[in-house]
Amino acid sequence: MAQENIPQPTDIKLKKSESLQITWSDGQTTRYELRMLRRMCPCAGCRGERDLLGRQLLPVVKTSYDGPITAVGAELVGNYALRIIWSDNHTTGIYTFEYLRSLESV
Ligand SMILES: [Zn+2]
């Protein structure tokens, strides 16, 4: 899907136990608290699976992340998203640039 109107990250700074900071191609800089990002994970396991008819099912995994969650790494997925690898071995969270831009900066 073409998303030419979505700014691309030009710089990504990951502080593994604190925050993720992205500088965008339109000059904006956003900083995300890692705890918040983990809670906002957009993957099916965290947001709830959809069945074949597209109905939203209840989330299968419901965990409260009280412990310190850190990011082990982050990698670009194509030219549209960022995958974050978490210290609890959660790697299916793919944060599209559009989604990241919709989140509030801290
Ligand atoms: Zn997830």
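The values are calculated or read from the model by the stated rules, or taken from the named source; none is laboratory data. Predicted model only: the values in this text are computed from it and were never measured. Cβ atoms come from the backbone with ideal geometry, glycine included; neighbour counts cover every protein chain shown.
The table below gives the values:
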item	result
Near pairs, Cβ below 6 angstrom, 6+ apart or cross-chain, from region 22-45 (closer than 15 Å to Ser102 by Cβ) to any residue that is assigned to a strand (DSSP E or B) and within 16 Å of the ligand (Cβ to nearest atom)	Tyr32/Leu20
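Yes or no, residue by residue, for (1) more than 14 Å from the ligand (Cβ to nearest atom); (2) part of a strand (DSSP E or B); (3) at pLDDT below 85:
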| residue | (1), (2), (3) |
| --- | --- |
| Leu53 | yes, no, yes |
| Val60 | no, no, yes |
| Asp66 | yes, no, yes |
| Ile69 | no, no, yes |
| Val72 | yes, yes, no |
| Glu75 | yes, yes, no |
| Arg83 | no, yes, no |
| Asp88 | no, no, no |
| Tyr99 | no, no, no |
